[in-house]
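A quick write-up on the structure given underneath.
The values are calculated or read from the model by the stated rules, or taken from the named source; none is laboratory data. It should be emphasised that the depicted structure is a prediction, and the values quoted were computed from it without experimental measurement. Note: ideal-geometry Cβ built from the backbone for every residue, glycine included; neighbour counts use all protein chains shown. To get the accessible areas, we keep the full protein, side chains included, count just its heavy atoms, and leave off ligands, DNA and RNA. Shrake-Rupley method; radii C 1.70, N 1.55, O 1.52, S 1.80 Å.
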Amino acid sequence: MRICGLSIILFLVLVLVLVQHSEELSSSHPLHGVVDKVNENAGPYLGLVMAIPAEVDVLQSSGLFIPNSDLPLVDLSGRIFNIGSIRGVDVIYVMCGQRRLNAGITVQILLDVFDISGIVHYGIAGSANDSLSFGDVSVPKYVAFTGSWTWSKFTSENSQFTKLRFGTYNLPEEGENLLANIEFKPEEFYSVGKPMEKVFWLAVDLQWFDIASQLQDLELQRCVNETYCLPKTPKVEYGLRGSTADIFVDNAAYRKFLFKEFNVSTVDEESAAIIMTAMSTGVPCIVFRGVSDLAGGDDKLSSMSLSSLAASNALYVAIEFIELIGNKRLTLTSKRALN
Ligand SMILES: *[C@@H]1O[C@H](CO)[C@@H](O)[C@H](O)[C@H]1NC(C)=O
Ligand SMILES: *[C@@H]1O[C@H](CO)[C@@H](O)[C@H](O)[C@H]1NC(C)=O
Ligand SMILES: *[C@@H]1O[C@H](CO)[C@@H](O)[C@H](O)[C@H]1NC(C)=O
């Protein structure tokens, strides 16, 4: 009996070890051999994820990413995984595309197929906080998914969660409205070895977040071109809250609502999905978002000309972080979610 029990334990340990080393495609996949080579040649890699071409452009024009000369890229499900290094740290970067589904799928492929020690996400965002302006880079501690709602009946009264009442926004004055109200719902969070939890605020990796505090005094870019510079030098803001939804926010009233009800400083369409996907697998993740617009707030500057500045400031902070992490050679840490 004892021997039998022991061999079962040994068997389980072996299975666990095998499972942990199974980042690879099935043996029948045409790119199976290529992916194996990527994982054998170098790594573990940091996964660097961005959502849109303007965010890729700033990385490419920085010249900081050195592609692997043997195997510079792998195309999986239409996502291009670029293999290489940044300042001596092995990195795979990938543009996930916009919004939650694209972000989640791409990060899941990255984690399942390659040997990844953590996810660094950078990009642009709208600011919902009047103290956070163009070019500032937010390193949020918490990000919520604010696009999951119960759309309540006109007559419904009580609710457990924060509500947005449409009648409040009637013109010329507040009143009732048949759209009634929406109630914000938490996400269902699934993770290794745990039952499903309902989570509203997703936390970035707290150890990585602490390390990123060293980046608060970085000097960010202030000038869009030779003739136009922002009135104030942008800064790194550390520990604010962000929100993600499959919604492009360009509305002053909703912007104000998000700030007032949730203390949300930045809005975007991917961060929460990226954090959640990484956390499910227990891989650390951090987010850097540069302010390119005011999400519908008073906005005299054209956001087009500022998205490149915002993306390049966010990239700059992300690169400095990659260098810090690379030097520390930190390994996997456990993840935490807050309700
Ligand atoms: C808004 O941003 C400023 C930094 O620019 C920060 O000090 C403040 O705490 C933020 N407000 C909230 C509610 O997070
Ligand atoms: C927002 O921040 C204020 C001031 O720090 C705090 O009193 C309030 O509880 C926060 N609200 C939420 C929903 O986090
Ligand atoms: C510099 O940027 C400003 C603000 O976007 C723009 O109005 C101006 O045309 C630009 N100037 C040049 C020389 O590109």
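Of note:
- Selection of segment 39-72 for residues being open to solvent by less than 30 Å² (accessible area, probe 1.4 Å) and of a type in the set (Gly, Ala, Ser) yields Ala42, Gly47, Ala51.
- Selection over segment 121-178 of residues that are part of a strand (DSSP E or B) and without any contact (Cβ under 8 Å) to a residue 60 or more places away in the chain gives a count of 5.
- When Asp293, Asp268 are screened for being within 16 Å of ligand 3 (Cβ to nearest atom), closer than 25 Å to Phe166 by Cβ and touching a residue at least 12 places away in the same chain (Cβ under 8 Å), only Asp293 passes.
- Candidates Tyr228, Tyr254, Tyr238, filtered to the one that is among the hydroxyl-bearing types (Ser, Thr, Tyr), farther than 28 Å from Asp205 by Cβ and either in contact with a Leu (Cβ under 7 Å, 6 or more places away or on another chain) or modelled with pLDDT of 95 or more (or both): Tyr254
- Flag if Asp75 is open to solvent by 30 Å² or more (accessible area, probe 1.4 Å), of a type in the set (D, E, K, R) and assigned to a strand (DSSP E or B): yes
- Checklist (1) open to solvent by 10 Å² or more (accessible area, probe 1.4 Å); (2) more than 16 Å from ligand 1 (Cβ to nearest atom); (3) of a type outside the set (Gly, Ala, Ser); (4) under 24 Å from Ile105 (Cβ atoms) applied to Ile286, failing item: (1)
- Whether a residue is surrounded by fewer than 18 Cβ atoms within 10 Å (Cβ to Cβ) and either more than 22 Å from Gly47 (Cα to Cα) or not hydrophobic (A, V, I, L, M, F, W, C) (or both) was assessed, and Asp293 does not pass this test.
- In segment 236-247, of all residues being within 15 Å of ligand 2 (Cβ to nearest atom) and crowded, with 18+ Cβ neighbours inside 10 Å, the one that is farthest from Ala212 (Cα to Cα) corresponds to Ser243.
- Gln214 vs. criteria of a type in the set (S, T, N, Q) and surrounded by 15 or more Cβ atoms within 10 Å (Cβ to Cβ): no
- Checking Phe262, Phe209 one by one, the residue that is touching a residue at least 12 places away in the same chain (Cβ under 8 Å), open to solvent by less than 30 Å² (accessible area, probe 1.4 Å) and within 16 Å of ligand 2 (Cβ to nearest atom) is Phe262 and no other.
- Within segment 239-250, residues that are more than 16 Å from ligand 3 (Cβ to nearest atom) reach partners that are open to solvent by 60 Å² or more (accessible area, probe 1.4 Å) and not basic (Lys, Arg) with beta carbons closer than 6 Å, at six or more positions or on different chains, in the pairs Arg241/Asn263.
- Tally of residues being more than 10 Å from ligand 1 (Cβ to nearest atom) and crowded, with 16+ Cβ neighbours inside 10 Å across segment 223-235: 3
- Listed by position, the strands (runs of 3 or more DSSP E) enclosed by segment 208-297 that each have at least 2 residues that are under 19 Å from Met50 (Cα atoms) and in contact with a helix residue (DSSP H, G or I) (Cβ under 6 Å, 6 or more places away or on another chain) are 241-244, 285-293.
- Some residue of segment 212-228 being assigned by TED's automatic domain parsing to the domain that holds Cys96, of a type outside the set (Phe, Trp, Tyr) and within 16 Å of ligand 2 (Cβ to nearest atom): no
- Of all residues in segment 69-94, those being of a type in the set (A, V, I, L, M) and in contact with an Asp or Glu (Cβ under 7 Å, 6 or more places away or on another chain) number 1.
- Evaluating Ser133 against the criteria (1) assigned by TED's automatic domain parsing to the domain that holds Ala272; (2) more than 24 Å from the chain's Cα centre (by Cα) leaves one unmet condition, (2).
- Within segment 148-206, the only residue that satisfies the criterion of being within 30 Å of Gly118 (Cα to Cα), open to solvent by 100 Å² or more (accessible area, probe 1.4 Å) and of a type in the set (Val, Ile, Thr) is Val192.
- Checked against the criterion of being within 16 Å of ligand 1 (Cβ to nearest atom) and aromatic (Phe, Trp, Tyr), the candidates Phe248, Phe262 yield just one match: Phe262.
- Being surrounded by 24 or more Cβ atoms within 10 Å (Cβ to Cβ), in contact with a Gly (Cβ under 8 Å, 6 or more places away or on another chain), under 16 Å from Cys285 (Cβ atoms) and among the aromatic types (Phe, Trp, Tyr) is not true of Tyr142.
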